[in-house]
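Q: Here it is, the structure, as structure tokens.
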């Protein structure tokens, strides 16, 4: 059952890069994120009310939700959406596959149940070699905007990895629906003022494809995905959950090519092999 949930989660998050690419072309980054978090939080609060469930009142839990709202919500969402303005969705999905590599590194440093082996060290080296190959052509041209877009997505993977370790320690035993609601609520609180200050959200009139992609991010990539995410964290480990990134790049590459016509180059294919091999090794 855990493996099936992992496959569903990877499929949902793999399609999110397509949704982001379409939506961010017409919706500013902070407004895209604020709408995603705010509407997602409102829907989950309604769902809690319908189910007769209540949110915990513990201050320590709400502090944990705040941390998750930043490092598994506002920050990585902003980095990915900003980066996808300058790089293909398929490349963003592939770079996101570095998350389990960062997770193993952070778990070794911060958690008691992980240790670094020579196999994992090799996996880290191979995985980052794959990332390096992707970035080499742009490095030759200096610090161009598309290189910054790639770095933004890699940093989002680091943020997600840290959040997974934190959630495993601080939110273990909590109902997945409550954890998801708390995270989205705090993320919305952080992000909505930025949207109002930076963007002009009330003047927007996105097209039907952009609106549909935005809604897909909210209902699939946010609400459903995080309920599954917290369920898996409760049942398994942060490192197991991070292996969802085996599935994400495959879906991202295929959808980017089929729907958006993004090219599948030999460099992209070679880097995919190295990054996924690196992930396999760190999971060994």
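Q: Check residue 262 against each of (1) over 14 Å from the mean Cα position of the chain (by Cα); (2) in a helix (DSSP H, G or I); (3) over 21 Å from residue 75 (Cβ atoms) and name the one condition it does not meet.
A: The one condition residue 262 does not meet is (2).
Q: Which of (1) part of a helix (DSSP H, G or I); (2) farther than 20 Å from residue 229 by Cα; (3) in contact (Cβ under 8 Å) with a residue 40 or more places away in the chain does residue 86 not meet, given it meets every other one?
A: Of the numbered conditions (1) part of a helix (DSSP H, G or I); (2) farther than 20 Å from residue 229 by Cα; (3) in contact (Cβ under 8 Å) with a residue 40 or more places away in the chain, the odd one out for residue 86 is (1).
Q: Hey, residue 209 hits all of (1) touching a helix residue (DSSP H, G or I) at 6+ places or on another chain (Cβ under 6 Å); (2) surrounded by fewer than 21 Cβ atoms within 10 Å (Cβ to Cβ); (3) within 30 Å of residue 127 (Cα to Cα) but one; which does it fall short on?
A: (3)
Q: Quick test of your reading of the structure: residue 82 fulfils all but one of (1) within 16 Å of the chain's Cα centre (by Cα); (2) at pLDDT below 95. Name the failing condition by number.
A: With respect to (1) within 16 Å of the chain's Cα centre (by Cα); (2) at pLDDT below 95, residue 82 is out only on (2).
Q: A further question follows. From the list 43, 8, pick out the single residue that is under 22 Å from residue 188 (Cα atoms) and touching a residue at least 12 places away in the same chain (Cβ under 8 Å).
A: Of 43, 8, the one residue that is under 22 Å from residue 188 (Cα atoms) and touching a residue at least 12 places away in the same chain (Cβ under 8 Å) is 43.
Q: Can you tell which of 49, 13, 62 is within 16 Å of the chain's Cα centre (by Cα) and either modelled with pLDDT under 95 or more than 26 Å from residue 278 (Cβ to Cβ) (or both)? Steps first, answer last, please.
A: Numbers: 49 fails: within 16 Å of the chain's Cα centre (by Cα); 62 fails: within 16 Å of the chain's Cα centre (by Cα).
That would be 13, the only listed residue that is within 16 Å of the chain's Cα centre (by Cα) and either modelled with pLDDT under 95 or more than 26 Å from residue 278 (Cβ to Cβ) (or both).
Q: Are any residues in the range 250-267 surrounded by 17 or more Cβ atoms within 10 Å (Cβ to Cβ) and modelled with pLDDT under 85, and if so, which ones? Break it down stepwise before answering.
A: Quick first cut of the range 250-267, residues surrounded by 17 or more Cβ atoms within 10 Å (Cβ to Cβ) only: 250-253, 255-256, 262.
Passing the criteria: only 250.
Q: Related question: From 130, 149, 123, grab the single residue that is surrounded by 18 or more Cβ atoms within 10 Å (Cβ to Cβ), closer than 21 Å to residue 256 by Cβ and more than 19 Å from the chain's Cα centre (by Cα).
A: 130
The values are calculated or read from the model by the stated rules, or taken from the named source; none is laboratory data. All figures in this text were calculated on a predicted structure; none of them were measured in a lab. Note that we place each Cβ from the backbone using ideal geometry, even for glycine, and neighbour counts take in every protein chain shown.
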